[in-house]
Amino acid sequence: MNHELVNTFLSGPDQNGCFGKFGGRFVSETLMPLILDLEKEYQASRTDESFRAEMEDLWTHYVGRPSPLYYAERLTEHVGGARIYLKRDELNHTGAHKINNVLGQILLARRMGKTRIIAETGAGQHGVACATVCARFGLPCIVYMGEHDVERQAPNVFRMRLLGAEIIPVSSGRGTLKDAMNDALRDWVTNVRDTFYCIGTVAGPHPYPAMVRDFQSIIGKEAREQMLAREGRLPDILVAAIGGGSNAMGLFYPFLDDRDVTIIGVEAGGQGIDDRIMHCASLTGGRPGVLHGNRTYLLQNADGQIQEGFSISAGLDYPGVGPEHAWLYETGRASYVAITDDEALAAFQTCCEHEGIIPALEPSHALAHVIKIAGDLPKETIICMNMCGRGDKDIYTVARALGMDISES
Ligand SMILES: *Cc1c(COP(=O)(O)O)cnc(C)c1O
């Protein structure tokens, strides 16, 4: 399908929550009233001045927005081609973009009179953002986490506990993110009245994908204004890393109808895209199916069983991708590529050495693709990449990959 055939990309999803043939709400009857209630409240909040004012105040004084749009001069010289700009969302409180969305959802929960927040987390970054904002508002926070992830992500588990959250290790299934999502949905059905389910990416049943995108769109909205102020025009190319796809949708969304802006999402190619599924590239290496209440591209084996992904970056190993990305992919409005662990690791080091910025491994994937294409592009070309997280959390993983031991004695 040709994206020129689509009138506008800003109006999606339709009233059924579908982006083309993706999205929707595949949930049990018992969840339906909750989802409809959430949708109603969310729509109402969008035109509520006091809701917006409270969010903007916290964005400014608690999160530290707007994040800078930074011209990466030495990296640009090093690569020797297009001008590279970084949208610095790694400078947010808690070190990534996730707090933009969590803040929005928790304010919505308060507006709805909900008194108990539940969340699922894989690598723990969304859990930490939830625990942070719940502490800020004095709300109990319950985080479902696969028992394998609880083991693998000990520092984030400790952070969440320090912030007062309760962690529920999930042992059903394989004990990973997918199972944690199922248990969180089950909790929600059981505790209908007082509980709000805070989803961490542009996935889940409608209205979550659109709602999370809207909260994250502050990234693209700022980047657009900052780029116009700085360069007097829009960027030529946008690049962002894709786990579930929320930081990418946040950057991309305000530019979707600017057809001259090329949009590229970068998936985690792990050890390469082949039948072993040692990657997390749902679009470039997966097939459509239904998971977590929506229809989208998923990592699955020949029998349609959801497969656990693999990546050096724990934050990218969601086994699916937000339905809006599936739509942008199928219409051709955005293109998607995969970057391997090794390529991401090399970009991580380049960024440290040339810019004095230690990036998270997730945006290091985006950066690797930027480095790959920038050298062949004219110097007038402008690339804007979302630096969606900082790398302090990743230094142990990087040290191990580089064959060094930095464990504390
Ligand atoms: C969680 C996370 C991601 C992946 O999630 P998206 O929804 O795809 O943005 C990417 N980068 C960082 C730094 C993260 O914490």
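Considering only the range 143-166, state which residues are hydrophobic (A, V, I, L, M, F, W, C) and surrounded by 21 or more Cβ atoms within 10 Å (Cβ to Cβ).
Residues satisfying the conditions are VAL143, MET145, VAL150, VAL157, MET160, ALA165.
From LEU177, LEU103, LEU185, grab the single residue that is hydrophobic (A, V, I, L, M, F, W, C), open to solvent by less than 20 Å² (accessible area, probe 1.4 Å) and under 28 Å from GLU41 (Cα atoms).
After applying the criteria, what remains is LEU103.
Considering only residues that are open to solvent by less than 10 Å² (accessible area, probe 1.4 Å) and out of contact with any Ser or Thr (no Cβ under 8 Å at 6 or more places or on another chain), which ones fall in the range 257-280?
VAL261, VAL266
Taking the range 384-408 as the search range and keeping residues that are open to solvent by less than 70 Å² (accessible area, probe 1.4 Å) and polar (S, T, N, Q), which one is farthest from the ligand (Cβ to nearest atom)?
THR397
Could you list, in sequence order, all residues of the range 9-18 that are closer than 22 Å to ASP260 by Cα, out of contact with any strand residue (DSSP E or B) (no Cβ under 6 Å at 6 or more places or on another chain) and open to solvent by less than 50 Å² (accessible area, probe 1.4 Å)?
Once the filter is applied, which keeps residues that are closer than 22 Å to ASP260 by Cα, out of contact with any strand residue (DSSP E or B) (no Cβ under 6 Å at 6 or more places or on another chain) and open to solvent by less than 50 Å² (accessible area, probe 1.4 Å), the range 9-18 yields only PHE9.
Residue check: is ALA223 open to solvent by less than 10 Å² (accessible area, probe 1.4 Å) and modelled with pLDDT of 95 or more?
Yes: the conditions hold for ALA223.
Any idea which of (1) over 18 Å from the mean Cα position of the chain (by Cα); (2) within 15 Å of the ligand (Cβ to nearest atom); (3) under 17 Å from ILE237 (Cα atoms) is the one THR381 doesn't satisfy?
The single condition THR381 does not satisfy is (2).
Among the residues in the range 206-218, are any away from the ligand (no atom under 16 Å from the Cβ), within 30 Å of LEU34 (Cα to Cα), surrounded by 24 or more Cβ atoms within 10 Å (Cβ to Cβ) and over 13 Å from the mean Cα position of the chain (by Cα)?
yes
Can you list the helices (runs of 4 or more DSSP H) found entirely within the range 146-232 that contain at least 1 residues being more than 30 Å from ALA72 (Cα to Cα)?
In the range 146-232, 147-152, 154-162, 177-190, 208-216 are the helices (runs of 4 or more DSSP H) which contain 1 or more residues that are more than 30 Å from ALA72 (Cα to Cα).
Filter the range 70-98 down to residues that are under 19 Å from the mean Cα position of the chain (by Cα) and among the aliphatic types (A, V, I, L, M) and give me whichever is nearest to VAL202 (Cα to Cα).
ALA96
Conditions first: (1) more than 16 Å from the ligand (Cβ to nearest atom); (2) under 21 Å from HIS3 (Cα atoms); (3) not polar (S, T, N, Q). ALA248 passes all but one, so which condition is the exception?
(1)
Considering only residues that are open to solvent by less than 70 Å² (accessible area, probe 1.4 Å) and not in a helix (DSSP H, G or I), which ones fall in the range 52-82?
Of everything in the range 52-82, those that are open to solvent by less than 70 Å² (accessible area, probe 1.4 Å) and not in a helix (DSSP H, G or I) turn out to be GLY64, ARG65, SER67, PRO68, LEU69, TYR71, ALA72, GLY80, GLY81, ALA82.
Taking interchain pairs and intrachain pairs at least six residues apart, which have beta carbon atoms under 7 angstrom, with the first residue in the range 158-175 and within 15 Å of GLY122 (Cα to Cα) and the second open to solvent by 60 Å² or more (accessible area, probe 1.4 Å)?
Cβ pairs passing all conditions: ILE167/ARG161; PRO169/GLU147; VAL170/GLU147; SER171/GLU147; ARG174/GLU308; GLY175/GLU147; GLY175/HIS148.
Suppose we keep only residues that are in contact with a strand residue (DSSP E or B) (Cβ under 8 Å, 6 or more places away or on another chain) and either without any contact (Cβ under 8 Å) to a residue 40 or more places away in the chain or within 16 Å of the ligand (Cβ to nearest atom) (or both) within the range 113-127. Which one would you say is most open to solvent (accessible area, probe 1.4 Å)?
For the range 113-127, the residue satisfying everything is GLN125.
Applying the selection to the range 102-145, what residues are part of a strand (DSSP E or B), in contact with a Pro (Cβ under 8 Å, 6 or more places away or on another chain) and under 15 Å from GLY200 (Cβ atoms)?
Of everything in the range 102-145, those that are part of a strand (DSSP E or B), in contact with a Pro (Cβ under 8 Å, 6 or more places away or on another chain) and under 15 Å from GLY200 (Cβ atoms) turn out to be ILE117, MET145.
Being away from the ligand (no atom under 16 Å from the Cβ) and either in contact (Cβ under 8 Å) with a residue 60 or more places away in the chain or among the hydrophobic types (A, V, I, L, M, F, W, C) (or both): is that true of THR60 here?
no
The values are calculated or read from the model by the stated rules, or taken from the named source; none is laboratory data. Note that the structure is a prediction, hence the values are computed from the model and not measured. Cβ: placed from backbone, ideal geometry, glycine included. Neighbour counts: every protein chain shown. Each accessible area value is taken on the protein alone, full model and side chains, heavy atoms only, with ligands, DNA and RNA left out. Shrake-Rupley method; radii C 1.70, N 1.55, O 1.52, S 1.80 Å.
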